[in-house]
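Undergrad: Please find one structure pasted underneath; my questions will follow.
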Amino acid sequence: MNLSKVPHSIHDAPGLLYAGFNQDYGCFAIGLDNGFRVYNCDPLTEHSRNESEEGGVAIVEMLYRTNYLALVGGGKNPRYAPNKVIVYDSKNTKPVIELEYKAEVKNVKLRKDRLTVVLQNKVFVYHFSIPPRLLHTFETCDNDKGLAAISTLPDHAILTIPGKQKGHVQVIDLNTLGYYTSVENEQLPPLLAQQHTNGTNTRTSVNVSIIPAHSGRLSCLSLNQDGTRCATSSDKGTLIRVFDTSTGTLLHELRRGVDRAEIYCIAFNSESTRLCVSSDKGTIHVFNLDPSVVTAADHKPRGPTYGQVPVSPTHSPSHYGLTLSGNRGSALSFMKDILPKYFSSEWSFANAKLATESRCLASFGHQKNTIIAICADGGCYKFSFDPKKGGECNRESFERFLKQE
């Protein structure tokens with residue numbers, strides 16, 4: 001969540017430029033106008049900080065729980081030029097890699113074997129080493145948000161980025177990338193120049209597939225851990241779609257709401273059975289992707305409320321006022337063939353309400369059936385939800401990681 005390029009909100013904590021989870025959602029890092037900090041999520045504890053008068057950091061990408069972070073300068077007084085990526089060793093408090101580009105860096109994604117740098121219209125993928133070795137360059141449509149998602153499991157290296165056409169997603173198998181023998185139309189950063197003169201690099205075919213996800217521009221991209229599922233939203237922010245990355249098949253179409261919204265985060269749980277979505281509406285939505293997560297309940301069904309299907313005397317999820325997928329649905333969904341598409345929509349299974357309509361990122365917590373939210377106002381929430389009934393989440397805790405002065 002890069003706050004350095006968006007209008008300041010009255011709810012935003014002063015000096016906060018960036019917030020983002022690490023790859024397993026157990027930690028998060030924030031960028032400030034005077035440096036950066038790293039926190040453990042649950043319990044909320046500060047792990048480390050690096051603050052000085054050297055300037056601001058607009059992107060902080062963690063590498064799991066290691067001492068390496070990718071930094072990009074930002075704010076009114078950037079610590080580093082916005083067209084540079086600095087891989088920083090926090091243990092030895094020094095940069096170990098510096099990459100420079102002709103345009104501003106929009107995002108950085110790390111795996112233990114790959115470093116991905118996102119510009120407005122290009123994405124550079126490197127073998128993560130010192131120095132890095134450029135594997136491939138991809139072109140995208142305008143990508144001012146720096147959208148990109150990468151799988152985190154060691155044996156599955158999948159990258160998703162916007163396509164050349166708006167609303168499209170490129171799905172890239174990173175294991176098929178070979179080394180460049182030459183780089184066309186781009187001047188290599190100095191750190192890489194020597195690497196590309198040894199004559200040992202070879203070029204292989206790249207496995208890239210295209211998913212036409214939306215008619216409008218993409219606003220959010222997410223992958224599950226093994227890269228088999230991709231979730232997307234458009235700039236309208238009303239629908240979230242989940243695709244099979246190997247076939248491009250649409251698996252789920254989930255409705256966040258009716259009004260236009262900006263989606264800040266989509267996150268899968270570790271089993272890929274649920275999805276949580278945060279937006280600028282101050283609400284976090286939880287969707288079921290696997291109906292089996294709600295079929296084993298042994299309780300009285302709750303009565304239908306607005307937007308829910310009527311109670312049905314069966315043992316399917318609809319027995320609890322839910323659709324067959326385990327989410328809420330329209331009471332008129334049985335007429336979906338003759339009514340507009342809205343009436344066949346799947347609505348969230350559970351939802352959590354923030355105290356303010358603050359921009360936030362959300363993920364599933366390491367404790368079962370919990371959600372962690374980190375917000376632009378400097379607050380960190382922990383919610384729990386009923387895994388069978390869903391509905392309104394319970395707020396377990398609220399703490400501030402960044403005080404409003």
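Undergrad: Evaluate the distance, in nm, between pseudo-label points positioned 7 Å from the Cα of GLU46 and of VAL208 along their respective Cα→Cβ axes.
TA: Going from the GLU46 label point to the VAL208 one covers 4.4 nm.
Undergrad: Then there's this: Got a sec to turn the phi values of segment 29-40 into Karplus ³J(HN,Hα) couplings, 6.51 cos²θ - 1.76 cosθ + 1.60 with θ = phi - 60°, whole Hz, x for Gly and Pro?
TA: Going residue by residue, I get 10, 10, x, 10, 6, 9, x, 8, 9, 10, 10, 8 Hz, with x marking Gly and Pro.
Undergrad: While we're looking at this one, here's another question. So which of LYS109/LYS164; LYS106/LYS236; LYS122/LYS382 end up more than 26 Å apart, counting from Cα to Cα? Each step should come with its number before you reach the end.
TA: On the way: LYS109/LYS164 20 Å; LYS106/LYS236 21 Å; LYS122/LYS382 37 Å.
Checking Cα-Cα distances, LYS122/LYS382 exceed 26 Å.
Undergrad: How large, in percent, is the carbon and sulfur part of the accessible surface of segment 1-108 at a probe radius of 1.4 Å? Show your work: numbers first, answer last.
TA: Working: 2270 of 4690 Å².
On segment 1-108, the fraction of accessible area on carbon and sulfur atoms equals 48 percent.
Undergrad: Same structure, new question: Can you report the principal axis dimensions of segment 236-296 using only the alpha carbons, biggest first, rounded to whole angstrom?
TA: For segment 236-296, the Cα spread along each principal axis is 30, 30, 19 Å.
Undergrad: Each residue of segment 101-112 in order: what ³J(HN,Hα) in whole Hz does its phi give by Karplus 6.51 cos²θ - 1.76 cosθ + 1.60, θ = phi - 60°, with x for Gly and Pro?
TA: With the stated coefficients, segment 101-112 comes to 10, 7, 9, 5, 7, 9, 6, 9, 10, 10, 10, 5 Hz.
Undergrad: Out of residues 5 or more away from ALA58 or on other chains, whose amide H comes under 5 Å of its own, with H placed 1.01 Å from N in the peptide plane?
TA: Those qualifying (amide H under 5 Å, at least 5 residues apart or on another chain) are VAL72, GLY73, GLY74.
Undergrad: Now a separate question. 5 Å is the cut-off here: which amide hydrogens, built 1.01 Å from N in the peptide plane, fall below it relative to ALA157, excluding neighbours closer than 5 in sequence?
TA: LEU174, ASN175
Undergrad: Taking amide H atoms as placed 1.01 Å from N in the peptide plane, list the residues 5 or more away in sequence, or in a different chain, whose amide H sits under 5 Å from that of HIS136.
TA: VAL125
Undergrad: Place the peptides 25-36, 211-222 in order of packing, highest mean first, counting for every residue the other Cβ atoms within 10 Å and averaging per peptide. Walk me through the numbers on the way to the answer.
TA: On the way: 25-36: 22.2, 211-222: 19.0.
Peptide ranking by packing, descending: 25-36, 211-222.
The values are calculated or read from the model by the stated rules, or taken from the named source; none is laboratory data. The structure displayed is predicted, hence computed values, not measured ones. Note that each Cβ is placed from the backbone with ideal geometry, even for glycine, and that neighbours are counted across all protein chains shown. Side chains are part of the model used for accessible areas, which takes the heavy atoms of the whole protein and leaves out ligands, DNA and RNA. Shrake-Rupley method; radii C 1.70, N 1.55, O 1.52, S 1.80 Å.
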